[in-house]
Amino acid sequence: MFPFDVILFDVGGVLLTNGWDHRERAAVLAQFHLDAAAFEARHVVPYDAWERDAIAVRAYLDLTVFYEPRSFSREEFFNAICAQSQLLPDGALGIMKELAASDKCRLGALNNEARETNQYRFDRFGLREYFEFAFSSCYLGLRKPEPAIYRRALDILGKPAKRILFIDDRTENVAGAVAAGFKAIRFTGAEALRQELENIGVL
């Protein structure tokens, strides 16, 4: 019997580059000649709310960038955010597609992402073609590594935790999944992941 019923992937740092992490923010802030320290001081609280879908992108941008007049538009700034999303070098997208083609288990996402960037990334890189489930923070109102997000995914899947494999690049998110009873792998690169999946009978 195949060892898992469902395999859940993080997106940023596993399949794609991060959507709006430190490096991405630094690049966009430099592009628009914004003060990074001032932005970061305003970013933390509204970003948490944005990823939980408690506020929309316009509110997030108004609180972090457009609290004063700018020479560029919200659309230009958001497009620059989206442009940071790229295929991750040495990422797991090829492995994910291989698993999808095998049709041996169901695939999904378990990721922290704001609604607008999540939609862009899923559409731009065709992830919905492979994902049957999308346990994204913007849909659940919960964020990794909060225990509740793993419990919610289990409730929806209706499968024993030991039948779920989760792949994430962040130690704290892997630890949260393990605490919930999942089998979890910390992603460090495609070759290492392939070896681990071969070792446990997935590939």
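The values are calculated or read from the model by the stated rules, or taken from the named source; none is laboratory data. Just so you know, these numbers come straight off a predicted model, no measurement behind them. When we count neighbours, we look across all protein chains shown, and the Cβ atoms used for this are built from the backbone with ideal geometry, even at glycine.
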Review point. Is there a residue in the stretch 78-85 that is at pLDDT 95 or above and assigned to a loop (DSSP other than H, G, I, E, B)?
Key: yes
Review point. Taking ARG124, is it in contact (Cβ under 8 Å) with a residue 12 or more places away in the chain and of a type in the set (D, E, K, R)?
Key: yes
**Study point:** Number of positions in the stretch 70-93 that are farther than 22 Å from PHE135 by Cβ, out of contact with any helix residue (DSSP H, G or I) (no Cβ under 7 Å at 6 or more places or on another chain) and not small (Gly, Ala, Ser)
**Key:** 7
Review point. If only one of LYS183, LYS159 is farther than 28 Å from PRO89 by Cβ and either in contact (Cβ under 8 Å) with a residue 24 or more places away in the chain or assigned by TED's automatic domain parsing to the domain that holds LEU99 (or both), which one is it?
Key: LYS159
Review point. Taking the stretch 94-120 only, how many residues are closer than 16 Å to ALA134 by Cβ and either modelled with pLDDT under 95 or assigned to a helix (DSSP H, G or I) (or both)?
Key: 8
Revision key, fill the gap. Taking the stretch 63-109 and keeping residues assigned by TED's automatic domain parsing to the domain that holds ALA37 and in contact with a Pro (Cβ under 9 Å, 6 or more places away or on another chain) leaves LEU63, THR64
Review point. What residue, of ARG25, ARG58, is free of Cβ contacts under 8 Å to residues at least 40 places away in the same chain, closer than 30 Å to LEU107 by Cα and not in a loop (DSSP other than H, G, I, E, B)?
Key: ARG25
Check your understanding: Checking GLN195 against (1) in contact (Cβ under 8 Å) with a residue 12 or more places away in the chain; (2) over 17 Å from ALA109 (Cα atoms); (3) surrounded by fewer than 15 Cβ atoms within 10 Å (Cβ to Cβ), which single condition isn't satisfied?
Key -> (1)
Exercise for review: Filter the stretch 4-22 down to residues that are touching a residue at least 12 places away in the same chain (Cβ under 8 Å) and not in a loop (DSSP other than H, G, I, E, B) and give me whichever is farthest from ARG124 (Cα to Cα).
Suggested key: VAL6
Check your understanding: Which one is surrounded by the most Cβ atoms within 10 Å (Cβ to Cβ) among residues in the stretch 177-192 that are under 18 Å from ALA161 (Cβ atoms) and more than 16 Å from the chain's Cα centre (by Cα)?
Key -> PHE182
Practice item. Give the stretch 37-55 a look and list any residue that's surrounded by 15 or more Cβ atoms within 10 Å (Cβ to Cβ) and part of a loop (DSSP other than H, G, I, E, B), or say none. Key: ARG52, ASP53, ILE55
**Study point:** Tally of residues being assigned to a helix (DSSP H, G or I) and either out of contact with any Phe, Trp or Tyr (no Cβ under 7 Å at 6 or more places or on another chain) or more than 19 Å from VAL6 (Cβ to Cβ) (or both) across the stretch 185-203
**Key:** 9
Exercise for review: Identify all residues within the stretch 87-109 that are more than 16 Å from GLY189 (Cα to Cα), surrounded by fewer than 13 Cβ atoms within 10 Å (Cβ to Cβ) and not acidic (Asp, Glu); write none if there are none.
Suggested key: ALA101, SER102
Check your understanding: Quick one: GLY126 ticks every box in (1) within 21 Å of MET96 (Cβ to Cβ); (2) surrounded by 17 or more Cβ atoms within 10 Å (Cβ to Cβ); (3) over 14 Å from the mean Cα position of the chain (by Cα); (4) not charged (D, E, K, R) bar one, so which box is it?
Key -> (2)
